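**Student:** Input: one structure, supplied below.
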């Protein structure tokens, strides 16, 4: 903040017929009315009517009276005047003796600001400060952020923008500043602790104020000026866009913009999460060495790249061989105290990447694109209601094309709070959808399903009708989650085949198919258990388990069939019975594998049950019962198969059929 001098150069906005200073000049264009004397009228109704008539000519820029009371016409250079203007000016000046014609270099311009950006200067009650960032209030009205100490604890008012070309950032000197349009009034402000107290070492000690902008002719842009165009009084002509709000990153480059020293950079954030005392008040924020700033830069923008991080609070210029030092009030923390004010952000226009402009797009299929992460994409079709799409964390987004055919136009625009990007209109041609083959997830292709199949299910396009044929027939509508199910009733068998296709609104696709078997349930192996370890003294002598009654069980140990037997008479397959196979080989140290299957009806083979067990490294073990590799006969012979054996089966004695030798429990 800086106190201004006693003189203020006021740059008044010029309207179409507004008085110009104290001269009574008017601006606009002209022809003229016939006179009654040799002097043109310079007062009364005749004077104003004559001025109005002259201003109808494009070449006439202003009319009025000079200090001598003569009638003055301010005109464009003769070379820039049209024929009608030349004739009117010449005729009028030749008619009257008191007419003077003066020329200017071009058409009149209003010396008023119509765009406001961060880093610009403003005047309030004899002081000048800088705007930090343009903003929104909680209702979406225009606002600006600045330093709390610029408000004089809320005592200052009469906020006006300053003329950039008169600022020290442009002139290099502390000349009186020119004033432009009114900006608004201070709203919330706080310098130090709550209630503008001294505060303390806490995050409630801040330096921020909001300006509620009430000048509806101003456009507040989410940008910060770099002051390279200050001499032309158009700070918005060269700016840095602000795309996000963040916390200052220590060690990372930082820049600032303010009305006294303009745009400065070439420094990094050196101190974060700290406090300073400015005019005996605590301010929480961060500091940087070497970032040039001075009085009047207060309230200016402090940012890293395109991220707003702070409001310039204070510091000290370079002096006594020491670098400049700047302190900024932490922006995110300061905003949290302002009752809902947010920084205006520049948003990139979303881009559709899935299809080129004018391309054919299959109806109902995804249209996708990219946008800034954290934004919502507003989608507005040329026909139909608008809707919103949320972007993913990587900025991607998608929506489905409608089911109609033909020309389809859609406008996309990014949104974040009250911030909106520019919109872009895309045009496509919607064509019939080539439906993909629906996925048959169960039973899977080339799979073996235990016991029976009670349903066929899969995935498809939501709303499509799925039709299956072959071993199972039926139709189903794909639900909103893309799933479908059709009942089935298949028992043991090989090479079942189901074909599948889907259709929606006449759009069809190719046919898919799955082939699968329905097999008996797998054998249960109860001993040894998977991963079990043995030493010589506890080596397994048998492998045991349960299987379907009437099934032929075949067990192998390390790939060698353990025993053999003929098929027994089948019983109800719902029942199970125990089986066993004797281990009659020497078990070396290391891992051993047992694989067991069962065959029902002589042709339907279960999925193998496979387990491994381990013999500890204590030498080769010879299992009791002989080491010849031939199992001793320990159970009843199954050949010939007589009434006694059949009786054993019927009472659940659990005969097990093996291909070499049988052991009954």
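**Student:** Among the candidates 41, 35, single out the residue that is under 20 Å from residue 90 (Cβ atoms), at pLDDT 90 or above and assigned to a loop (DSSP other than H, G, I, E, B).
**Tutor:** 41
**Student:** Okay, moving on. I'd like the full set of residues that are buried (at least 23 other Cβ atoms within 10 Å of the Cβ) and in contact with a helix residue (DSSP H, G or I) (Cβ under 6 Å, 6 or more places away or on another chain), limited to segment 218-259.
**Tutor:** 225, 227, 230, 235, 259
**Student:** Taking strands (runs of 3 or more DSSP E) that fall entirely within segment 374-422, which contain at least 3 residues that are touching a helix residue (DSSP H, G or I) at 6+ places or on another chain (Cβ under 7 Å), on the phi > 0 side of the Ramachandran plot and without any contact (Cβ under 8 Å) to a residue 40 or more places away in the chain?
**Tutor:** none
**Student:** I've got another one for you. Return only the number of the condition from (1) modelled with pLDDT under 90; (2) over 18 Å from residue 519 (Cα atoms); (3) crowded, with 18+ Cβ neighbours inside 10 Å that residue 549 does not satisfy.
**Tutor:** (2)
**Student:** So, one more: Take segment 171-197 and flag every residue that is in contact with a helix residue (DSSP H, G or I) (Cβ under 6 Å, 6 or more places away or on another chain) and farther than 16 Å from residue 123 by Cβ.
**Tutor:** Once the filter is applied, which keeps residues that are in contact with a helix residue (DSSP H, G or I) (Cβ under 6 Å, 6 or more places away or on another chain) and farther than 16 Å from residue 123 by Cβ, segment 171-197 yields 189, 190, 191.
**Student:** Suppose the filter is without any contact (Cβ under 8 Å) to a residue 24 or more places away in the chain and closer than 30 Å to residue 500 by Cα; does residue 442 pass it?
**Tutor:** When the stated conditions are applied, residue 442 passes them.
**Student:** Here is a further query. Among the residues of segment 355-373, which ones are in contact (Cβ under 8 Å) with a residue 60 or more places away in the chain and either assigned to a loop (DSSP other than H, G, I, E, B) or on the phi > 0 side of the Ramachandran plot (or both)?
**Tutor:** Those that are in contact (Cβ under 8 Å) with a residue 60 or more places away in the chain and either assigned to a loop (DSSP other than H, G, I, E, B) or on the phi > 0 side of the Ramachandran plot (or both): 355, 357, 358, 359, 363, 364, 365, 372.
**Student:** Could you name every one of the strands (runs of 3 or more DSSP E) located completely within segment 241-281 that has at least 2 residues being within 15 Å of residue 329 (Cα to Cα)?
**Tutor:** Passing ranges, in order: 253-258, 271-278.
**Student:** If residue 291 passes every condition in (1) buried (at least 21 other Cβ atoms within 10 Å of the Cβ); (2) closer than 30 Å to residue 507 by Cβ but one, which one does it miss?
**Tutor:** Only one criterion is unmet by residue 291, namely (2).
**Student:** Find the strands (runs of 3 or more DSSP E) located wholly in segment 105-192 whose residues include 2 or more that are in contact with a strand residue (DSSP E or B) (Cβ under 7 Å, 6 or more places away or on another chain) and either over 23 Å from residue 281 (Cβ atoms) or free of Cβ contacts under 8 Å to residues at least 24 places away in the same chain (or both), and list them.
**Tutor:** Hits in segment 105-192: 115-118, 121-124, 133-136, 142-146, 159-162, 178-192.
**Student:** Additional query: Examine segment 307-316 for a residue that is farther than 21 Å from residue 205 by Cβ, surrounded by fewer than 24 Cβ atoms within 10 Å (Cβ to Cβ) and at pLDDT 95 or above, and state whether such a residue exists.
**Tutor:** yes
**Student:** Moving on. Which count do you get for residues in segment 284-302 that are over 22 Å from residue 124 (Cα atoms) and out of contact with any helix residue (DSSP H, G or I) (no Cβ under 9 Å at 6 or more places or on another chain)?
**Tutor:** 7
**Student:** Same structure, new question: Looking at 597, 607, which one is assigned to a loop (DSSP other than H, G, I, E, B), at pLDDT 90 or above and within 24 Å of residue 449 (Cα to Cα)?
**Tutor:** 607
**Student:** Considering 544, 485, which residue is modelled with pLDDT under 95, on the phi < 0 side of the Ramachandran plot and part of a strand (DSSP E or B)?
**Tutor:** When all the criteria are applied, what remains is 544.
**Student:** Only one of 477, 468 is over 30 Å from residue 610 (Cα atoms), crowded, with 16+ Cβ neighbours inside 10 Å and in the same structural domain as residue 449 (by TED's automatic domain parsing). Can you tell me which?
**Tutor:** Matching residue, one of 477, 468: 468.
The values are calculated or read from the model by the stated rules, or taken from the named source; none is laboratory data. Given the structure is predicted, the values throughout are model-derived calculations rather than measurements. Note that we place each Cβ from the backbone using ideal geometry, even for glycine, and neighbour counts take in every protein chain shown.
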